[in-house]
Amino acid sequence: MVQQTSGKLIADSEDRFAIVVSRFNDLVTGKLLQGAIDTLTRHGASEESISVYWVSGAFELPVVAEKLAAKGDVSAVLALGAVIQGDTDHHEYINHAVAQGLMTVSQKFSIPTLFGVLTCRTMEQALDRAGGKAGNKGAEAALAAIETLDVLRQIS
Ligand SMILES: Nc1c(NC[C@H](O)[C@H](O)[C@H](O)CO)[nH]c(=O)[nH]c1=O
Ligand SMILES: CC(=O)[C@@H](O)COP(=O)(O)O
């Protein structure tokens, strides 16, 4: 019989969630943040268990995520941002650096560090993924945080 483990979509009362959100394109990131908070609370997290930290741009997400993970008093870090392509390749450097930086935090501290960063070509694509027809990447990150924490609890 194959043993399978999956996580419950109900936050544990001991879970503490840190959300790091970037202000660049805050028309979008504010919606990602609200989606994340709404999803966490709808799935059992108390408002008191959620802390929010604002940074300038997506490129600053990993350094704050690392500091929070290193402190050892959060269960998961959700990183929310919206990178929208301009006229140059700048967005590519940001996107790859942020993704790698957040993955490094996750693996270095064994704390779920969720990639809730939109990497879009247009503002329309971003809005579609911040509560529009393509969902809300912040809400997705919140669900992934809750489920991953439960899987980790079942392993250790
Ligand atoms: N163009 C976008 C940026 N650029 C700013 C960088 O994230 C960073 O703050 C700056 O390079 C200083 O280190 N940031 C976004 O979040 N979204 C963008 O579309
Ligand atoms: C992704 C960004 O940093 C964006 O603002 C850069 O725009 P541009 O490529 O036109 O300099």
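Laid out as a table, the results:
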{"read-out": "Protein-only accessible surface order, largest first, of HIS43, HIS91 at 1.4 Å", "value": "HIS43, HIS91"}
{"read-out": "Net charge of Cβ neighbours under 14 Å - reference THR104; Lys, Arg +1; Asp, Glu -1", "value": "+1"}
{"read-out": "Gyration tensor (alpha-carbon) shape descriptor, region 52-156, a/c threshold 1.5", "value": "oblate"}
{"read-out": "Qualifying trypsin sites (Lys or Arg not before Pro) for region 83-156 [loop in DSSP, other Cβ within 10 Å: at most 10]", "value": "ARG121, LYS133"}
{"read-out": "Accessible surface of VAL55 - all protein chains present, 1.4 Å probe, nearest 10 Å²", "value": "20 Å²"}
{"read-out": "Length-normalised contact order for the chain - Cα pairs under 8 Å, 6+ apart - percent", "value": "33 percent"}
{"read-out": "In Å², nearest 10: area of TYR53 left accessible to a 1.4 Å probe", "value": "80 Å²"}
{"read-out": "Mean ellipticity per residue at 222 nm, deg cm²/dmol - from DSSP H runs of n ≥ 4 across the chain, formula -39500 (n - 2.57)", "value": "-15000 deg cm²/dmol"}
{"read-out": "Residue-level accessible surface for PHE109, protein heavy atoms, 1.4 Å, Å²", "value": "60 Å²"}
{"read-out": "Residues whose placed amide H lies under 5 Å from that of ASP12, excluding near-sequence neighbours", "value": "none"}
{"read-out": "Cα-based shape type of region 80-132, given that a ≥ b ≥ c are square roots of the gyration tensor eigenvalues and the cut on a/c is 1.5", "value": "oblate"}
{"read-out": "Computed label-point distance, nm, for sites SER156 and ALA97 using a 7 Å Cα→Cβ extension", "value": "3.1 nm"}
{"read-out": "Solvent exposure ordering (accessible area, 1.4 Å, most first) of SER49, SER6", "value": "SER6, SER49"}
{"read-out": "Cut-off 12 Å between beta-carbons: net charge of the residues surrounding ASP150, Lys and Arg +1, Asp and Glu -1", "value": "-2"}
{"read-out": "Of ILE146, ILE111, ILE94, the one that fluctuates the most in a GNM where the chain has Cα springs shorter than 10 Å", "value": "ILE94"}
{"read-out": "Anisotropy class of region 1-52 from Cα gyration tensor, a/c 1.5 cut", "value": "prolate"}
{"read-out": "Segment ASP12-GLN34, extension gain: residue separation times 0.36 nm, minus the distance between their alpha carbons", "value": "5.9 nm"}
{"read-out": "Filter on LYS71/LYS137; LYS8/LYS67; LYS71/LYS108 - keep pairs with C-alpha separation over 24 Å", "value": "LYS71/LYS137; LYS8/LYS67"}
{"read-out": "Net charge over other residues, Cβ less than 14 angstrom from the Cβ of SER56 (K, R count +1; D, E count -1)", "value": "-1"}
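The values are calculated or read from the model by the stated rules, or taken from the named source; none is laboratory data. Because the structure is predicted, anything quoted here is derived from the model rather than measured. Using ideal geometry, Cβ is built from the backbone for each residue, glycine included, and neighbour counts are taken over all protein chains shown. Note: accessible area is taken over every heavy atom of the protein model, side chains too, but ligands, DNA and RNA are not part of it. Shrake-Rupley method; radii C 1.70, N 1.55, O 1.52, S 1.80 Å.
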